[in-house]
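Heads up: the structure comes next, in structure tokens.
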Amino acid sequence: MTECLLAATTWLLPFAAIDWHGLFFLLFAAIACGAAIMVVLTDNVVRMALHLVLSLGATAGLFFLAGSEFVGAMQLMIYVGGTLVLLVFGVMLTAQTQLVSLRTPAADRVLAGILAAALFAVLVQSAVSVEAWRRPGRAEVSAPTATPLGMALVGVRVDGDAAGHESRPLSGYLLPFEIVSVHLLVVLIGAAYLARAKRRRTPRAVELVASVDPPPPVQARSEAGESASVLVGGGR
Amino acid sequence: MAEFLIETIGLPSWLAWTAVAAVAAFLILNVIAGGALVFIWAERKIAARIQDRLGPTRTGGRFGWLQSLADGIKLLAKEDLMPDGADGMLFRLAPYVSFCASFCAFIALPFAFDVVGLRLNVGVFFVVAVLGLEVFGVILAGYASASKWSLFGAMREAAQVVSYEVPLGMCVVVPVMLAGSMDLVTIAEKQAGWLTNWYIFHDPFTFVIFWVYYTCAVASVNRAPFDLAEAESELVAGFHTEYSGLRWSFFFMAEYGSMFLVSALAAVLFLGGWNGPVPIASLLGWSDGSSLSAPYAVRLLGCANLMGKATAGVLVMMWIRWTLPRLRIDQVMTTCLKYCTPIAALMFAGVMLWQLFLPGGLIPGSRHQAAAVREAWLEGRGDRVPSTNVPLGVVPATSRQVVGVSQ
């Protein structure tokens, strides 16, 4: 029976030679790059956001493929999830017809092209300069885990042995973590302060009319109009 | 299972891994699709009983149990309509985005000890992150439909989901803190034993936070009383007003899939996962208490346990839907920002203090040490075999941990 099964699958044998990891890497990389190019080429804001989601999602796929699940999930949570808000803004903006399609002026395109090329050159240069990546053969990866990272954030380094720093205990990231979180809290409070509804104490219509004594005709009309607009506007 | 195929039948390893991955994907897809069929029927029957009606009675003989199948055939045969002003690509894509997000999250959900599509060591985080992507489909559908009802629905959904992710995240962190791990398998494993080991009964704070989680979960999967995105009394059908036929049914499968998923997540995080209220298996002597050596039947029992808990969660959602009236958008926001978030934050602090001062519970020695994983790490042991150095390319990294029921 085993022989039959094997014989039945002989036509599949060429697939065995395929480097599946490399194939998936190329697939995700192609999606990431292609979608990124589409972000630039599309002129509809919402479609741009969708392509951006695709590109960032494929990048998360690359992280998962490399075995760094924590970074991959982070990528999904922060970048892809953050694009959600971008998408909402896109939808809100395109409610007005003049913004439905965004066209970039040619001069801006040239400028952006130069900038992108410069950035690309820097990235390629720094990527190539990593010694370990230039050696032939495959790098060995250990199955990573989020635990050492989490422990380091609360101030305990458990990865010291692996890195060979047994003599000197590594310091954790508790202080930077706290500074960043306090910073974020300040930003949140600031945002809430800036975005809060500005409430002015406006006298109600009845008080307004009662306070005008005696009413000069012009002023009374303007005040009545003002209080009416306040009422219509729903201000308190 | 893959090792079994390789060693016993002698399949080449790449084929064995692919076969196992295909089987896992097939099973998960059927949990969603088959589950949706059952749940839609159940929802009709429950709604009918709550409203003093009979519900479907004819299709398929008694109880109308084939009603969902008949509906499915009807949906297949329906014309696939698209409004004139719609953005064609996005309109067609949106249902699949929703469904894929719902489906992807199932990959990391453990059904029993080794019955998990992909055991991620950040499983909780992954599930929550992917579940948040489902809203993309809704927003795209709302935008692309070129209909004001749809757009209103999508905007409401966006506001709701972005707000409810905050308390939901806080609730999810509590079991993570108790277990000392983000791995869903580890979290459920820590609640093994009697009913009292479940995290919902860990202390008063977790009991409260379970209900906060459930409220936020109902809101995040867009079910009544939080179904503002499709409020049919105001917005016709909200974001899926313009959809018909199979595309519409994809939205529904995604919704029922997500309902099942958040309920299963609640079961894993708070209700002991696949561990039943009574440790039958170890009482009968089928297993010595550790899941690694548990025989096949025990794992099947675990599967049934988890599915039962998740189904119960879904049924409660239906009960809520047909009992409570829909909230207004400002009430939804108030519930989230003024009630759920502060309660979750307080309970989080409470659980933290409880862990500091009463780590053994009120009755000393009655439960596992919750922080055992951390100590294990500090001593360099690790509760799992940490790193089998797998050279890249030998096995696809994504299928490295695809484990069915390994024997």
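Only counting other Cβ atoms within 10 Å, I'd like A:HIS183, B:HIS202, B:HIS240 sorted with the fewest neighbours first.
Details: A:HIS183 10, B:HIS202 24, B:HIS240 27.
Going from least to most buried by this count: A:HIS183, B:HIS202, B:HIS240.
Within a Cβ distance under 14 Å of B:ALA47, other residues only, what is the Lys/Arg minus Asp/Glu net charge?
+2
Quick one: order B:CYS340, B:CYS100 by neighbouring beta-carbon count within 10 Å, fewest to most.
B:CYS100, B:CYS340
Mind checking A:41-48 for the average number of partner chain beta-carbons within 10 Å of each residue's beta-carbon?
On the way: counts 0, 0, 0, 3, 1, 6, 6, 0.
Counting Cβ atoms of other protein chains within 10 Å of each residue's Cβ and averaging gives 2.
For B:238-250, what's the mean count of beta carbons from other chains sitting within 10 Å of each residue's beta carbon? Please list the in-between numbers first.
On the way: counts 0, 0, 0, 0, 0, 0, 0, 0, 0, 0, 0, 0, 0.
Shielding by partners across B:238-250 averages 0.
What number comes out for the charge environment of A:LEU41, summing +1 per Lys or Arg and -1 per Asp or Glu over other residues with Cβ under 12 Å away?
Neighbour charge sum, excluding A:LEU41 itself: +2.
Which net charge results when you count Lys and Arg as +1 and Asp and Glu as -1 among the other residues whose beta-carbon is under 14 Å from that of B:VAL115?
Charge balance in the 14 Å sphere: 0.
Explain nothing, just compute: Karplus ³J(HN,Hα) = 6.51 cos²θ - 1.76 cosθ + 1.60, θ = phi - 60°, for every residue of segment B:205-211 in order, whole Hz, x for Gly and Pro.
Couplings: 5, 5, 4, 5, 5, 4, 5 Hz.
Using amide H atoms built 1.01 Å from N in the peptide plane, name the residues 5+ places from B:ASP183, or on other chains, whose amide H lies under 5 Å from its own.
The answer is B:GLY123.
Provide the FRET efficiency to the nearest 0.05 for the B:ASP84-A:ALA118 pair, computing r from the beta carbons and using R0 = 51 Å.
0.70
Could you please rank B:MET317, B:MET347, placing first whichever residue has the fewest other Cβ atoms within 10 Å of its Cβ?
On the way: B:MET317 21, B:MET347 25.
Ascending number of Cβ neighbours within 10 Å: B:MET317, B:MET347.
Quick note: the coordinates plus some simple rules give every number you see, no bench work behind them. Keep in mind it's a predicted model, so treat the numbers as computed, not measured. Every residue, glycine among them, receives a Cβ derived from its backbone with ideal geometry; neighbour counts consider all protein chains shown.
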